[in-house]
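*Asks:* Encoded as structure tokens, here's the structure I'll be asking about.
The values are calculated or read from the model by the stated rules, or taken from the named source; none is laboratory data. Note that the structure is predicted; figures quoted are calculated from it, not measured. Here the Cβ is made from the backbone with ideal geometry for all residues, glycine too, and neighbour counts use every protein chain on show. Only protein heavy atoms, including side chains, enter the accessible area calculation; ligands, DNA and RNA are left aside. Shrake-Rupley method; radii C 1.70, N 1.55, O 1.52, S 1.80 Å.
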Amino acid sequence: QERMPQTPPFAAMFDSSGYNRNLYQSKEDSCGGLYYHDNNLLSGSLEALIQHLVPNVDYYPDRTYIFTFLLSSRLFMHPYELMAKVCHLCIEQQRLSELGLDKNRIRKIAPKILQLLTEWTETFPYDFRDERMMRNLRELAQRIASGDEMYRKNVQQLLQNLIRKLTTVSQYEEVLAKINAASTDHLTVLKTKPQSIQRDITSVCNDPYALAQQLTHIELERLNYIGPEEFVQAFVQKDPLDNDKSCFGDRKKTRNLEAYVEWFNRLSYLVATEICMPVKKKQRARVIEYFIDVARECFNIGNFNSLMAIISGMNMSPVSRLKKTWAKVKTAKFDILEHQMDPSSNFYNYRTALRGATQRSLTAHSNREKIVIPFFSLLIKDIYFLNEGCANRLPNGHINFEKFWELAKQVSEFMTWKQVECPFERVRKILQYLLTVPVFSDDALYLASYESESPENHIEKDRWKTLR
């Protein structure tokens, strides 16, 4: 039995030059409509690029091409439209619709079609939350299996894996909804009588190292559920003529990415709330020092997203205005962290630290050394500017594939990071606290801040009056 084409790990997909130089030696520009320079595919018509995705008896597309095209094609057509075309081409070209199919021919092509479907369902499983995708997938898989019994097992395996992934993501989304509901319930209590809930994060977890590890659990879990296509779907323009793309449908397509951004905001507000809540100055200073230690440990772990959220919580005005409290804090450590995360020169220091962490993760022996959790909103911003900075189509109507190689390179790096298993023990009590404990709104933060250290000027005094 012929072996399936093998799928290399993500890290190996894109080398430093962008992508593998000798990919396209095997297949000359036979289908027309593709433009190469030094064996690098630079552009092509949409039809030619789709054709280039479809395997035949002598050809299987390179994996970097599959990833790049599946990722970027959604800017031009719905995944289900692409799927329908791919199925149609497979069936037409391999004459899979004929009766009395030649088993030899099926054996030459079936593993390749199955491999393409496997890569699609494994890398972009969320595309298949669409009933139309599933219909096409089942139909093509069915044809392959009925042509030769030998492939029935592979087909079942593929469908089972996909359904398992889709079930897991639905369960995750339900859990998120429950968590959000729980923290909203707590918030109403907080609004009515904030002083009655005297709480302090250090009573739940007095070890900053342990807290940094639990934050890393939350980060890695949420990162893991973001589909690579969500980065691109965030830019898909709504088509006014296409009623299919209702607002709800679009929202659903970037839901996990949005949930992750919401987590960052929650963590910032949680930090600010914990600092503004205590009545005593000494206690507030202690909480600040505690979070500085947590942030430092996040930096050492490679968890830059939590680190950034903690720093931004400490820099919120209600916290930074507490001059008497800060006077009691040993700030040397905080200054170092702020320097690392300094936004000047396009976050030069952070990018250097990120590169260091990425290098470390490539040669790592343990999962702990593999952890790289990027400062997420900056990653989205980079991808956004890459998208804005270059046209999707060239003046001749060709698709600008050079742009999409770059996009795929950034997203594939993210794919490597999101696959790391968290090496730390889960501590349920701490996780529960971080995810559901109520946090103050902006107004509640200012109110708590003014009550701790009274307003200093007219603007603050007026604001305090209004808030009370």
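Here is a yes/no grid of residues against (1) at pLDDT 90 or above; (2) closer than 28 Å to LEU257 by Cβ; (3) touching a strand residue (DSSP E or B) at 6+ places or on another chain (Cβ under 9 Å):
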residue: TRP417; (1), (2), (3): yes, yes, yes
residue: PHE424; (1), (2), (3): yes, yes, no
residue: VAL427; (1), (2), (3): yes, yes, no
residue: GLN432; (1), (2), (3): yes, yes, no
residue: LEU435; (1), (2), (3): yes, yes, no
residue: TYR446; (1), (2), (3): yes, no, no
residue: TYR450; (1), (2), (3): yes, no, no
residue: SER454; (1), (2), (3): yes, no, no
residue: LYS461; (1), (2), (3): yes, no, no
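*Asks:* Continuing with the same structure: Quick one: how many residues across the range 437-459 are part of a loop (DSSP other than H, G, I, E, B) and open to solvent by less than 30 Å² (accessible area, probe 1.4 Å)? Step through it out loud before you land on a result.
*Replies:* Residues of the range 437-459 part of a loop (DSSP other than H, G, I, E, B): 437-441, 453-457.
Cutting the leftovers down to open to solvent by less than 30 Å² (accessible area, probe 1.4 Å) gives us 437-440, 453, 455.
The qualifying residues number 6.
*Asks:* Can you confirm whether the range 131-146 contains a residue that is more than 30 Å from ASN40 (Cβ to Cβ), in a loop (DSSP other than H, G, I, E, B) and charged (D, E, K, R)? Lay out the reasoning, then the answer.
*Replies:* Of the range 131-146, the ones more than 30 Å from ASN40 (Cβ to Cβ) are 131-146.
Subset that is in a loop (DSSP other than H, G, I, E, B): none.
No, the range 131-146 contains no residue that is more than 30 Å from ASN40 (Cβ to Cβ), in a loop (DSSP other than H, G, I, E, B) and charged (D, E, K, R).
*Asks:* Of all residues being closer than 26 Å to MET77 by Cβ and free of Cβ contacts under 8 Å to residues at least 12 places away in the same chain in the range 133-175, which is surrounded by the fewest Cβ atoms within 10 Å (Cβ to Cβ)? Just the residue, please.
*Replies:* That would be SER170.
*Asks:* For the condition surrounded by 16 or more Cβ atoms within 10 Å (Cβ to Cβ), touching a residue at least 40 places away in the same chain (Cβ under 8 Å) and within 29 Å of THR167 (Cβ to Cβ), what is the one hit in LYS112, LYS85?
*Replies:* Of the residues listed, the single one that is surrounded by 16 or more Cβ atoms within 10 Å (Cβ to Cβ), touching a residue at least 40 places away in the same chain (Cβ under 8 Å) and within 29 Å of THR167 (Cβ to Cβ) is LYS112.
*Asks:* Does ILE380 fit the bill of being in the same structural domain as ALA210 (by the TED database), crowded, with 21+ Cβ neighbours inside 10 Å and of a type in the set (Val, Ile, Thr)?
*Replies:* Details: in the same structural domain as ALA210 (by the TED database): yes; crowded, with 21+ Cβ neighbours inside 10 Å: no; of a type in the set (Val, Ile, Thr): yes.
The answer is no for ILE380.
*Asks:* Within the range 36-55, is even one residue among the charged types (D, E, K, R) and on the phi > 0 side of the Ramachandran plot?
*Replies:* Looking only at the range 36-55, we keep the residues that are among the charged types (D, E, K, R), and these are 38, 47.
Next, from what is left, pick out any that are on the phi > 0 side of the Ramachandran plot: 38.
Yes, the range 36-55 contains a residue that is among the charged types (D, E, K, R) and on the phi > 0 side of the Ramachandran plot.
*Asks:* Sticking with this one: So LEU322 clears everything in (1) farther than 20 Å from SER377 by Cβ; (2) without any contact (Cβ under 8 Å) to a residue 60 or more places away in the chain; (3) surrounded by 14 or more Cβ atoms within 10 Å (Cβ to Cβ); (4) hydrophobic (A, V, I, L, M, F, W, C) except one condition, right? Which one?
*Replies:* The failed condition is (2).
*Asks:* Right, here's the next one. Identify the residue in the range 185-217 that is in a loop (DSSP other than H, G, I, E, B) and among the acidic types (Asp, Glu) and, among all such residues, is modelled with the lowest pLDDT.
*Replies:* Out of the qualifying residues, it is ASP200.
*Asks:* Further question: Condition first: open to solvent by 50 Å² or more (accessible area, probe 1.4 Å), in contact with a helix residue (DSSP H, G or I) (Cβ under 9 Å, 6 or more places away or on another chain) and not assigned by the TED database to the domain that holds TYR65. Can you find one or more residues in the range 396-404 that meet it?
*Replies:* In the first step, residues of the range 396-404 are kept if they are open to solvent by 50 Å² or more (accessible area, probe 1.4 Å); the result is 396, 402.
Add one more test, that the residue is in contact with a helix residue (DSSP H, G or I) (Cβ under 9 Å, 6 or more places away or on another chain), and what stays is none.
Within the range 396-404 (the criterion being open to solvent by 50 Å² or more (accessible area, probe 1.4 Å), in contact with a helix residue (DSSP H, G or I) (Cβ under 9 Å, 6 or more places away or on another chain) and not assigned by the TED database to the domain that holds TYR65), the answer is no, since none of the residues qualifies.
*Asks:* If I ask for residues that are under 30 Å from THR64 (Cα atoms) and open to solvent by 90 Å² or more (accessible area, probe 1.4 Å), which ones from the range 413-436 would you list? Before the answer, list the steps.
*Replies:* As a first pass, look at the range 413-436 and keep what is under 30 Å from THR64 (Cα atoms): 413-423.
Answer for the range 413-436, where residues must be under 30 Å from THR64 (Cα atoms) and open to solvent by 90 Å² or more (accessible area, probe 1.4 Å): GLN419, GLU421.
*Asks:* Please work out which residue is nearest to MET308 (Cα to Cα), limiting yourself to the range 367-401 and to residues that are part of a helix (DSSP H, G or I) and among the β-branched types (Val, Ile, Thr). Break it down stepwise before answering.
*Replies:* Restricting attention to the range 367-401, the residues satisfying the condition of being part of a helix (DSSP H, G or I) are 367-370, 376-389, 401.
Still in the running and among the β-branched types (Val, Ile, Thr): 380, 383.
Numbers: ILE380: 15, ILE383: 19 Å.
The qualifying residue nearest to MET308 (Cα to Cα) is ILE380.
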